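Read through the structure below, which is laid out as structure tokens, and then see the notes.
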């Protein structure tokens, strides 16, 4: 996409499953939903309904702007957008589960404030599952979305 700037931080020491604690929290960058987000989502997903693509149609319905598709909203909780994924790079096996509940609509022009919080630590023999509660508030401090992500991380090598 035009104007996208990639910034890579130097690698940090790896955090293993044992290095996390319940209650630890990760803020993701706030994002104001604009035309480029709606266009990129429509191109990536093929979702072309007028609720998500046509401002005039939304205005006729009395909406304050285009309605953000739920998956566009959920994408704002991508753990790679905060320090979590970089912290666990050598320990990361992968994401194994994701769920979302959409509690309020998000529209073009809304600013979304996502956060991930560790709520589950389930150890296995050589790995463990880290559960991250995901939430998004809007600029009015209303809860827009909540959900859960589960990540499998390796345990610290002996």
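Values in this text are rule-based calculations from the coordinates and carry no lab data. Here the structure is a predicted model, which is why all the values come from computation and not from measurement. Cβ coordinates were reconstructed from backbone atoms using ideal geometry, including for glycine residues, and neighbour counts include every protein chain displayed.
Observations, loosely collected:
- Distance between modelled label sites at residue 115 and residue 103, nm, 7 Å Cα→Cβ extension: 1.2 nm
- Between residue 125 and residue 44, residue separation times 0.36 nm minus the direct Cα-Cα distance comes to 25.4 nm.
- Zone residues, the stretch 112-131, relative to residue 25, backbone N less than 20 Å from point 7 Å out along Cα-to-Cβ: 112-121, 130-131
- Full extension of the chain between residue 81 and residue 143 gives 20.3 nm of extra length, using 0.36 nm per residue less the Cα-Cα distance.
- Isotropic mean projected area of the C-alpha convex hull, the stretch 80-158 (nm²): 5.8 nm²
- The chain, relative contact order in percent, only Cα pairs under 8 angstrom and at least six apart counted: 30 percent
- For the chain, the mean residue ellipticity at 222 nm estimated from helices alone is -4500 deg cm²/dmol, where every DSSP H run of n ≥ 4 contributes -39500 (n - 2.57) and the total is divided by all residues, rounded to the nearest 500.
- Helix 35-45 and the longest principal axis of the C-alpha atoms of the chain enclose an angle of approximately 70°.
- In plain terms, the bigger the Kirkwood radius, the slower the diffusion; for the stretch 17-154, with that radius from Cα pairs, at 4 °C and 1.567 mPa s, Stokes-Einstein puts D at 81 µm²/s.
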